[in-house]
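To start, the structure itself, in structure tokens.
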Amino acid sequence: MKDRSASFVRRLLPFLAAGALVVYPLALPRFYSSLAIEIFIMALFALSFNLMFGYAGMLSFGHAVFYGIGAYTAALVLKHAAESMALAIACSMAVSFVAALVIGFICVRFTRTYFIMLTVAFGELVYVIGHRLVGVTGGDDGLVGIPIPQISLPGLPVIDLSNMRVYYYFSLVIVAAAAVVLRIIVKSRFGHVLRAIRDSQQRALFLGLNVRRHLLLCYALAGLFAGLAGALLVPFEGMVSLETLHFSTSGNPIIVSILGGTQFFLGPVVGAAIFILVKDTVQNVAEFWMLWMGIILVATVMFLPGGVVGFVARFKPFRSAAGIAKKEE
Amino acid sequence: MRAVAIAICLVLVCAVTVFAAGQEPVKIGVMYALSGPLGVLGTDQAKVSKIAADQINKEGGILGRPVELLIRDDEASPSTAARVARKLVLEDKVNFIVGANGSPAGMSVAEVASRFKTLYLSAGGAMTELMTGKNCNRYTFRINHSGAQFYRADATYVASTFPDVKTVAGINPDYSYGHEMWDGFTSELKKKKPDVQVVPGVFVPMAEKDYTNYIASVVDKKPDLVYSVLWSGSGVAFVKQAKPYGMFDKSRFFLAAAALTTAMTTLGNDMVRMWGSEPEDWQMDNPMNKRMVTDWMKESGGKPPHAYMGHSYATLFILKQVIERVKSFDTEKIIAGLEGGTFDTPWGKMTIRKGDHQAMGKIFIGEAMPNPKYQFWTLSNPKVIPAEDVSLPMSETGCVMK
Amino acid sequence: MILIQFLNGLSTAMLLFLLASGLTLIFGVLRVINFAHGSLYMLGAYFTYSVAVFSGSYWVSLLAAPVFVACAAGLIERFFLRRLYVREHEFQLLLLYSFVLIIDDATKAFWGTSIRMVPKPAALTGSIEILGRAFPTYTLLIIGLGPLVALALFLALNGTKIGRQVVAASLDREAASAVGLNVPFLYSVVFVFGAWLSGVGGAVVAPLRGASPGMGMEIIIMSFAVVIVGGLGSIWGAFLGALLLGEVLAFGTLIVPNLIVLLPYAIMILIFLVRPQGLLGRGGG
């Protein structure tokens, strides 16, 4: 009897969650929609990072490069080419992918410490270039006055992306779709090879796998999805600034993934929610939310190497909920 | 009987609601740079805003409603300003936003104001042409000056006061505002003195702390005049670092556009010989100014207000004046009241131009001198130029108000 | 003017060396990049401010502040970092990064967000005339400090018993442990000493630029560049790298002011491509 009702609840859970996600913006004021959108964008950014780190073992401290490039590309498209979100997103992903291929080509030749330092170097280099290219990026002033597009699909009412509630659904759909694609990548043969490389590059080489090519493609895909996250930022904020390329922005997906759990697919998503919620709550009460974030992070690194999801998964009743974010062997 | 009782209850309920609404505070989001090297100015602007709000509430509030300030740090950064402004509008549901230090932050807030149809009054010194030019919008009003008002006044003053100036160099912050001011000043100066030699301008990153590498390149050109709009903490740091390199001994230093008074009040006796242009004169003799200066000196321990503090103070009073004039909190009515309206300020009466929402204040230019009455220098006998004389004509602003 | 700019470059170089030497030393022995190095530098500046206010003397703070920084670093190493030596390097890096967040915000909470100015010591406030041009006396102090520190480090590592033990531990941890050296203790010594150097850097820079939030972030990446260019683990490499980048920054500001900020990172990447172990480093990739 107990088993059947438990499994009934277990199967109902995803539907309840989906239902909550759908009803959420309608039930609460606009501010809560904007909070959720921040979580979606951060989640995607972190998922893209974790593809590199959790699955392939590459710790990049310069991931903001692709996030920022995606954001600026989308902004420039909307401002100068056409007020089309589809075009902006497509261009962002393409440009970020190519940039990641170029930078990745140099970076993946190195391992561990040298890889990390190189990503930091590129991060700074791109930031500084962005700062200098005032004509393109607006420099310290940033890009303002970006028209927020509307989407007209035949037969449907016009979708006004400048409306917070509407944008909530839009970004939810995009991020969910991206997550599905990432899940497919991770469960494919490619994903298995990445994990083999993460566990031991030497062994992978001996098995005849082309380590460098796999890592490069992984890096480039991570860049592509980071670019998508950056593109989503543009209609939300209505502007883009150099902050998107800054070293501290590179730190965010790292913090978020560690918090949630790098060995779980949805770990970064959980981490993103915690991160944004802690930030918002603390900011209302005190100014120093980074302090608390740092403390939480130290605790996580020292005592919860599996992140929050890893911690929760230890308890039997929750194991199935974590099952959606199941540990990949 | 029952009908009468119900009627009385309804009347009471209505009265209570109206009374409660009347007591509901007017929420004003106040954004300034409270941290970082540019925070010197912002923190004081936030404090003087509090003083203004307290005074307004002492006088009965605005149309009977008390003023409540929500003070936030914009870090002089466009991304922080956008986020903070959005939060003020969506979560805190403010009625108005004032402030924003620096053009990048100011432009960001203007965008948010336009998107969410909330009134924004720039009082933090965001002086880029764009705000009342190409990017002007219906919901943004600029109470502080536009950069053009300053550089045109500066060029006029320099040309007439220093006829012997042959070489001009500049050291300015490397963003829109710094470039606009340098380009504007030098082109206006050349119009008046075609024989002037302009050395290529030196630009430093916005919140730079180490000027030593840049100083040599300026000093070495032996300019007669050095023009700078390094404001708030940047100006202070620059003066301190440049002094031992001998910069102020050989060249006249012109610290323009509201940067001088901050330098004077912060440097005290570390001050060096220089000139500058200011948006206010705290020594002016009018009742509103005297009251502000007295209240501020109590708070600051005898230091006078500097840079745009008077504007921060005045902006809240301008809101009070316009709302009481149109007798409404309706945004559209307030916009109509602000456009072309004339208001009392610590520097006299000031009008806001309808076409671009730019306020027409005054510019005070002169030399900084030690003042025996105080621990710091002051602007002595400044020349007063009305902004109307030096503003860009509407046709040149590029503003098309939608 | 060239001489003045060269001297400016030297002072920047010496400051960078103070930080880079600690960074490279820590990496050479503990094999971890100390992300928190910039934050320790910032703490050095803030402690200098507080001690100067308390004691009224800059020289006292120059002595005391770095010691306080070293203590803070000691606590971090002993109670946190040490427990992660058995785990992968990434965790150690992440821990140090977390401390960056903590220290940066704690600094704002404790000292406030406005810049804290530290007055120069009275003896060094003026300027000296060099070839007809004025040059700040205080900056000359910084220039003199660098080579002194380099020499002291060299002597310490080669001339003292503990120095040689440190070098041994850096070459081969297991062998050092096998011959009876207390490796965890040596690690602590190195980490604390590296932090002390960072604190000296902060103390020295405080009168010039004051103590401000975010100053750690600004210098850390430049220090990484110096360390990479010089070679991870090489002290003389750090010296050379600091000289190179210090002068590049100084003269770059004169020649190519628009591109100046780019140069250090471009050079860093170039070194990675051409000679990944740095100018004086040993093995890498």
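Laboratory data are not the source of any read-out in this text; all were calculated from the coordinates shown. Everything quoted here is computed from the prediction, not taken from an experiment. Positions of Cβ are generated from backbone atoms using ideal geometry, with glycine treated the same way; all protein chains shown enter the neighbour counts.
Tabulated results
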{"item": "Where N is the number of residues in chain C, Cα Rg divided by 2.2 N^0.38 Å", "result": "0.99"}
{"item": "Residue-averaged [θ]222 nm for the protein assembly as shown, counting only DSSP H segments that reach four residues, each worth -39500 (n - 2.57)", "result": "-20500 deg cm²/dmol"}
{"item": "Cβ neighbours within 10 Å from other chains - mean over A:296-308", "result": "4"}
{"item": "Region C:175-274, relative contact order [Cα under 8 Å, separation at least 6], %", "result": "19"}
{"item": "Chymotrypsin sites (Phe, Trp or Tyr not before Pro) within region B:332-397, DSSP loop, no more than 15 other Cβ atoms inside 10 Å", "result": "B:TYR374"}
{"item": "Residues of region A:14-34 with amide N under 20 Å of the 7 Å Cα→Cβ point at B:LYS93", "result": "A:24-34"}
{"item": "Evaluated at q = 0.04, 0.06, 0.08, 0.09 Å⁻¹: base-10 log I(q)/I(0), Debye formula over Cα of the protein assembly as shown", "result": "-0.21, -0.47, -0.84, -1.06"}
{"item": "Principal axes of region A:1-119: Cα extent on each, largest first, Å", "result": "59, 40, 22"}
{"item": "Average Cα contact separation per residue, region A:106-199, under 8 Å, 6 or more apart, as relative contact order %", "result": "9"}
{"item": "Charge dipole of region C:111-251 about the Cα centre (unit charges at C-beta), most positive-ward option of C:ILE115, C:ILE162, C:VAL226", "result": "C:ILE115"}
{"item": "Solution diffusion estimate, µm²/s, Stokes-Einstein, region C:178-273, Kirkwood Rh from C-alpha pairs, 20 °C, viscosity 1.002 mPa s", "result": "139"}
{"item": "Selected from B:THR161, B:THR342, B:THR315 as most flexible by GNM, with chain B as the system and alpha-carbon contacts under 10 Å", "result": "B:THR161"}
{"item": "Region B:344-391: trypsin sites (Lys or Arg not before Pro) falling in loop per DSSP and having at most 10 other Cβ within 10 Å", "result": "B:LYS373"}
{"item": "DSSP H segments from chain A that extend 20 Å or more along their own axis, Cα-based, with Kyte-Doolittle mean of 0.0 or above", "result": "A:2-27, A:30-56, A:85-107, A:112-132, A:164-187, A:211-237, A:247-260, A:267-285, A:289-303"}
{"item": "For region A:30-245, projected area of the alpha-carbon convex hull averaged over all directions, nm²", "result": "12.4"}
{"item": "Debye equation applied to the C-alpha atoms of region B:266-402, log10 I(q)/I(0) at 0.14, 0.19, 0.22 Å⁻¹", "result": "-0.75, -1.15, -1.35"}
{"item": "DSSP H segments from chain B that extend 27 Å or more along their own axis, Cα-based, with Kyte-Doolittle mean of 1.0 or above", "result": "B:2-23"}
{"item": "Two-site FRET efficiency, B:VAL384 against A:ILE295, from Cβ-Cβ distance with R₀ of 56 Å, rounded to 0.05", "result": "0.50"}
{"item": "Mean Kyte hydropathy of 1.6 or more with a Cα span along the axis of at least 20 Å, helices from DSSP in chain C", "result": "C:2-30, C:137-159, C:215-230, C:235-255"}
{"item": "Approximate spin-label separation A:ARG314-B:LEU10, in nm, with each point projected 7 Å along Cα-to-Cβ", "result": "6.6"}
{"item": "Candidates per trypsin sites (Lys or Arg not before Pro) in region B:225-290, loop by DSSP, up to 14 other Cβ within 10 Å", "result": "B:ARG273"}
{"item": "Where labels lie 7 Å past Cα in the beta-carbon direction, separation of C:LEU63 and B:LEU70 in nm", "result": "5.3"}
{"item": "Mean separation of Cα contacts under 8 Å (6+ apart) over length of region A:30-245, as relative contact order %", "result": "44"}
{"item": "For residues of C:12-22, the mean tally of beta carbons on other chains within 10 Å", "result": "0"}
